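Reviewing the structure listed below.
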Amino acid sequence: MRGIATCLLAFLLLALESPFLHRGSVTDYTPDLTLLIVLYIGQTSRLSSGLMLALTLGAMKDGFCLGASPVGMYMELSVLTFLLSYRLSRRLALQSPISIILVSILFVMGAALVELLLSLVFVRDFGTDGSSTMLILGSMFPQALATAPFGPVIFWLFEKLDSYTTRRSDLVYPR
């Protein structure tokens with residue numbers, strides 16, 4: 001039940017975000033809500049169920065970004081983000097808004113570097129003129145700053161969703 005509700009809410013957020021950003025022509029500096037959701041899932045889920053959710057969310061983001069990137073790139077980024085967040089959750093509990101914002105900035109910048117690396121390897125004409133590499137590197141920090149304020153909001157929203165859809169015995173961190 002939790003996985004279905006998470007996917008539906010993530011789809012709704014992506015569907016609401018997508019048309020507004022194209023209309024305002026600010027698509028290069030969009031907040032990466034999928035990464036924040038996967039970061040939350042990594043902090044609160046078990047390995048197998050969280051990995052499936054991360055794959056599903058990455059596939060949804062791939063669907064919203066058709067033509068802009070190779071198919072499967074966001075699935076790969078979501079899985080890597082989940083695995084890192086899952087390992088981080090065993091060492092650090094993200095409970096304050098400041099820690100969520102700082103970790104969000106680091107994860108967005110790391111995801112941009114991995115996206116650059118994957119694009120250099122798998123996209124045939126990427127980087128031949130140098131402008132595409134500078135586009136990713138140039139938008140990395142503004143995108144991190146645009147994403148970070150949404151971190152605490154996404155964590156709060158999905159924590160509320162979890163409180164409605166998760167039985168007390170299914171919680172990773174019992175209260």
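All of the numbers you see were taken from the coordinates with simple rules; none came from a lab. Just so it is clear, the structure is predicted and the values come from calculations on it, not from any experiment. Positions of Cβ are backbone-derived with ideal geometry, glycine not excepted, and every protein chain shown enters the neighbour counts.
Data table
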| item | result |
| --- | --- |
| For the range 53-99: relative contact order, % (alpha-carbon pairs under 8 angstrom, 6 or more apart) | 37 |
| Global geometry of the range 60-104, whether rounded, prolate or oblate, following the gyration tensor of its Cα atoms and the 1.5 cut on a/c | prolate |
| Order of Asp162, Asp62 under a 10 Å beta carbon neighbour criterion, fewest first | Asp162, Asp62 |
| Farthest toward positive dipole pole in the range 53-162 [+1 Lys/Arg, -1 Asp/Glu at C-beta], among Gly138, Phe82, Leu113 | Phe82 |
| Residues with amide H under 5 Å from that of Cys65, placed H, sequence gap 5 or more | none |
| Virtual spin-label span in nm between Met134 and Met109, 7 Å along Cα→Cβ | 2.1 |
| Length gained when the stretch Ile98-Leu120 is fully extended (0.36 nm per residue, less Cα-Cα span) | 4.6 nm |
| Radius 14 Å from Cβ of Met52, net charge of other residues (Lys, Arg +1; Asp, Glu -1) | +2 |
| Cβ-Cβ FRET estimate between Ala5 and Ser48, R0 fixed at 30 Å, reported to 0.05 | 0.95 |
| Cβ-Cβ FRET estimate between Val153 and Ala15, R0 fixed at 22 Å, reported to 0.05 | 0.80 |
| Total formal charge among the other residues, if their Cβ is under 11 angstrom from that of Asp32, Lys/Arg +1 and Asp/Glu -1 | -1 |
